[in-house]
Amino acid sequence: MTEADKAYAKALLKELIACDTTDYHEENGQRVVERELLKLHCIVRRINPKPELLAEKYPEFNIGHTYENRDCLAADFIGTGGGKSLILNAHVDTVYPAQPSMWKTDPFCPAEKEGKVYGLGSCDTKAGLTAMITALRMIEKEGRQLKGDVYFHCVVDEEFGGGNGTLACLNESCHADAVLVAEPTELKPAGAHMGSYAVHITAEGKSVHGNLKQSGVNAVEKMLPVINACYKLGEKWEQRRFGLLPAPVFSIVSLNAGDGSITLPGSCTAVINYTYLPDGYEYEEEFLGILHSCEEADDWFEEHPLKIEKLHDVKPYHMAENSRWGTCVVRNVSEVMGKQTDLFGFGCGADARFYANTGKMDTIILGPGNILNAHSPNEYVELEQLYDAARIYYKLLCDWCG
């Protein structure tokens with residue numbers, strides 16, 4: 001990788017960070033990505049997710065999302081023949097800035113300091129996206145012609161329940177021999193990821209003057225046994241293991257109740273998220289059973305049942321640890337990083353599930369940045385990881401696609 005390649009990668013990353021690509025604003029970044037792809041010898045297509053088509057065809061489609069001015073980009077690099085094919089995937093969308101008051105810089109203004117670039121989406125996944133484009137550009141600059149086909153998917157709508165952009169690309173793209181997804185893994189290859197299930201729960205109460213509690217029903221107190229039961233179930237699930245993956249975890253990610261300091265809360269809403277394993281266990285069934293047990297234990301719920309709304313169900317996936325693709329990735333990462341690496345299990349959900357579960361393709365997650373920095377104030381990526389990612393992607397393209 002030359003100094004010019006590094007300069008290109010850094011400049012492109014900063015330009016992408018400066019683009020607001022939060023939910024429904026992805027086109028700001030897609031114009032930049034499309035501009036760079038059109039400089040390369042490939043077929044560039046825009047793919048707009050069609051909810052009616054995808055919902056009918058794929059059970060995992062997430063309903064309630066619209067796609068006006070929210071195109072995915074697909075770039076087809078056609079090989080000379082005789083090599084294995086590869087899909088590269090990265091998402092351009094980001095979450096909204098977490099805890100805005102805690103950011104030391106403008107989330108949409110990239111800031112470079114001590115070998116790091118700060119900004120929203122820097123590691124999740126604009127660095128991985130940048131590294132993939134840089135690697136493809138490096139191959140073309142050398143005049144190298146790969147034997148196998150390469151399909152690049154830059155998708156929208158990954159973060160918020162996500163997956164529909166990737167599903168749209170999968171629906172309109174070719175099957176490949178392997179897939180690489182650029183989530184932030186600190187350049188450690190993941191051959192599996194957790195499932196993620198989120199639900200919105202509302203407990204109804206009866207508002208009265210806060211000093212006259214006996215005449216009302218406190219919705220928070222109705223919700224507390226539900227939360228406690230969920231955490232107790234979580235403790236049970238923490239004993240479960242499967243392959244490379246960590247144990248499932250429960251999280252209360254949102255809790256809202258109350259209308260002032262002297263009014264008993266008449267409703268309480270909670271968003272509960274849990275992760276789960278691809279081990280065939282009936283997690284959803286047991287979880288919903290716990291909620292119904294809480295209702296049965298309190299007569300109040302007979303006439304005021306919990307309102308339960310599923311927000312997302314991101315399926316888990318895993319692939320054989322001794323697959324040809326896994327072996328290839330481990331070998332090349334170890335060579336670039338100068339130390340032995342092994343496959344691990346990614347503790348979050350990701351779009352990798354669609355390629356693995358729906359497309360039946362061997363799929364690896366590998367990208368620059370630390371997932372602990374994602375969705376957090378002062379998100380950043382180390383520039384050396386950005387450059388190493390480009391080197392790894394380059395070597396994988398040359399090795400796998402020939």
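The values are calculated or read from the model by the stated rules, or taken from the named source; none is laboratory data. These numbers were taken from a predicted model, which means no experiment stands behind them. Using ideal geometry, Cβ is built from the backbone for each residue, glycine included, and neighbour counts are taken over all protein chains shown.
Pick out, from the range 1-69, the helices (runs of 4 or more DSSP H) lying fully within it that include 1 or more residues that are touching a residue at least 40 places away in the same chain (Cβ under 8 Å) and under 26 Å from Ile392 (Cα atoms).
Numbers: elements: 3-17, 27-37, 51-57.
Where helices (runs of 4 or more DSSP H) fall fully within the range 1-69 and carry at least 1 residues being touching a residue at least 40 places away in the same chain (Cβ under 8 Å) and under 26 Å from Ile392 (Cα atoms), they are 3-17, 27-37.
Kindly indicate whether Lys222 is of a type in the set (Lys, Arg), over 28 Å from the mean Cα position of the chain (by Cα), assigned by TED's automatic domain parsing to the domain that holds Lys310 and not in a loop (DSSP other than H, G, I, E, B). Against the criterion (of a type in the set (Lys, Arg), over 28 Å from the mean Cα position of the chain (by Cα), assigned by TED's automatic domain parsing to the domain that holds Lys310 and not in a loop (DSSP other than H, G, I, E, B)), Lys222 qualifies.
Inspection of the range 106-115 identifies at least one residue that is farther than 18 Å from Val33 by Cα, among the small types (Gly, Ala, Ser) and in contact with an Asp or Glu (Cβ under 7 Å, 6 or more places away or on another chain). Scanning the range 264-318 for residues that are charged (D, E, K, R) and either under 19 Å from Ala247 (Cα atoms) or not assigned by TED's automatic domain parsing to the domain that holds Lys213 (or both) returns Asp279, Glu282, Glu284, Glu285, Glu286, Asp313, Lys315.
Just for the range 337-387: of the residues that are among the hydroxyl-bearing types (Ser, Thr, Tyr) and within 18 Å of the chain's Cα centre (by Cα), which one is surrounded by the most Cβ atoms within 10 Å (Cβ to Cβ)? Talk me through it step by step, then tell me what you get.
So the first thing to find is which residues in the range 337-387 are among the hydroxyl-bearing types (Ser, Thr, Tyr), and the list is 341, 355, 358, 363, 376, 380, 387.
Okay, now just the ones that are also within 18 Å of the chain's Cα centre (by Cα), so 355, 358, 363, 376, 380.
Values: Tyr355: 29, Thr358: 19, Thr363: 31, Ser376: 18, Tyr380: 23.
Filtering first and then ranking leaves Thr363.
Of all residues in the range 70-88, exactly one satisfies the criterion of being in a strand (DSSP E or B) and among the β-branched types (Val, Ile, Thr), namely Ile87.
Every listed requirement among (1) out of contact with any Cys (no Cβ under 7 Å at 6 or more places or on another chain); (2) surrounded by 15 or more Cβ atoms within 10 Å (Cβ to Cβ) is met by Ala257 save one, (1).
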